[in-house]
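Below is one structure, written out as structure tokens, with a few remarks after it.
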Amino acid sequence: RADEIRWGPDCPPKRLEKILLARGIEGVLIPPHRDLIDWEDFDWNKFSVVRFGMSVPSPDSNVVTADIYRATVMAITKIHEYGYRRISVTVNGEYNQRVGGNLLSGFFYAQQMLGLKPALPPLLTFLKSRTVEELAQQRAALQVWLKKQKPDALLISDIEVPDMIHQLGYRIPQDIAIAGTTVLDIPRLDTGIDQHAEAIGRTAVEMLLKQMNVNERGEPRYPGRILLESRWQDGKSLPPKR
């Protein structure tokens, strides 16, 4: 069976390790996290481990995740097929780093492949603490960028951006059509990339069970990645142009 272990901020990693051992847990699945995790002296050699996605860079275990590069190329291609020509992305810079630059790489390749003219630059966001001041600064930067670039369609990764666009007086999708890098996590969006979260979960569990069955513990010598294909989900926030 799978148990959800909530790791409180007042619990040192070594204590978490002892809790897992006391419960007889042999395999650990690490889901995505917004903040970086400091595992300190946690001994992964006592557990089989698999990570979901690339947002948690350590331990250096096997990973099951969506193919972000191919998903981004697919999304930009679909947006172009729907009649949009001034297409760009807003992406959190730290998130793009964690996924190996694959989101921006996919965007730039799609620009070249489709011959987009003008080839609009992306807007990098750096939302971390999400304080009132930080959100206000990012909204102001978004306002300047929208006025200068005049996109008619956006692929976005930050959950706050749709509300910011609305607060700046733009209508979705009449003024700017928007799609998400994951349709499950971004409010106001029903259009974009479906990363097949359930399939990723099932595949990760299967991989973890195989590691447990052969007593593979800790960080493998040659960590592997399983990349699952995403699909496009239609919706009202980015309809085909008439």
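Using the structure shown, decide if LEU154 is in a loop (DSSP other than H, G, I, E, B) and in contact (Cβ under 8 Å) with a residue 12 or more places away in the chain. Spelling it out, it is not the case that LEU154 is in a loop (DSSP other than H, G, I, E, B) and in contact (Cβ under 8 Å) with a residue 12 or more places away in the chain.
Please find, within the stretch 146-161, the residue that is surrounded by the most Cβ atoms within 10 Å (Cβ to Cβ) out of those that are farther than 18 Å from GLN111 by Cβ and touching a strand residue (DSSP E or B) at 6+ places or on another chain (Cβ under 6 Å). Looking at the filtered set, the residue picked out is VAL161. Scan the stretch 86-109 and tell me whether some residue there is within 20 Å of SER237 (Cβ to Cβ), out of contact with any Ser or Thr (no Cβ under 7 Å at 6 or more places or on another chain) and acidic (Asp, Glu). No. Per the conditions (1) of a type in the set (S, T, N, Q); (2) touching a Lys or Arg at 6+ places or on another chain (Cβ under 8 Å); (3) loosely packed, with under 15 Cβ neighbours inside 10 Å, the sole criterion not satisfied by THR131 is (2).
Restricted to the stretch 38-51, and to residues that are open to solvent by 40 Å² or more (accessible area, probe 1.4 Å) and touching a helix residue (DSSP H, G or I) at 6+ places or on another chain (Cβ under 9 Å), which residue is nearest to MET212 (Cα to Cα)? Only one residue fits best here, namely LYS46.
Looking only at the stretch 81-127, count how many residues are open to solvent by less than 40 Å² (accessible area, probe 1.4 Å), under 27 Å from GLN137 (Cβ atoms) and either among the aliphatic types (A, V, I, L, M) or touching a helix residue (DSSP H, G or I) at 6+ places or on another chain (Cβ under 8 Å) (or both). Matching residues across the stretch 81-127 total 15.
Among the residues making up the stretch 188-230, those that are within 27 Å of MET74 (Cα to Cα) and open to solvent by 100 Å² or more (accessible area, probe 1.4 Å) are ARG188, GLU198, ARG202, ARG225.
Could you list, in sequence order, all residues of the stretch 63-80 that are under 30 Å from GLY27 (Cβ atoms) and either among the acidic types (Asp, Glu) or surrounded by 18 or more Cβ atoms within 10 Å (Cβ to Cβ) (or both)? Passing the criteria: VAL63, VAL64, THR65, ALA66, ASP67, ILE68, TYR69, ALA71.
Being more than 27 Å from PRO162 (Cα to Cα), among the basic types (Lys, Arg), in contact with a Lys or Arg (Cβ under 7 Å, 6 or more places away or on another chain) and modelled with pLDDT of 90 or more is the requirement here; does LYS46 meet it? Explain how you work it out, then say what you get.
Numbers: more than 27 Å from PRO162 (Cα to Cα): yes; among the basic types (Lys, Arg): yes; in contact with a Lys or Arg (Cβ under 7 Å, 6 or more places away or on another chain): yes; modelled with pLDDT of 90 or more: yes.
Yes.
In the stretch 26-37, the qualifying residues are those that are modelled with pLDDT of 95 or more and open to solvent by less than 50 Å² (accessible area, probe 1.4 Å), and the one that is nearest to GLU4 (Cα to Cα) is VAL28.
The values are calculated or read from the model by the stated rules, or taken from the named source; none is laboratory data. Predicted model only: the values in this text are computed from it and were never measured. For neighbour counting, all protein chains shown are included, and Cβ atoms are generated from backbone atoms with ideal geometry for every residue, glycine included. Only protein heavy atoms, including side chains, enter the accessible area calculation; ligands, DNA and RNA are left aside. Shrake-Rupley method; radii C 1.70, N 1.55, O 1.52, S 1.80 Å.
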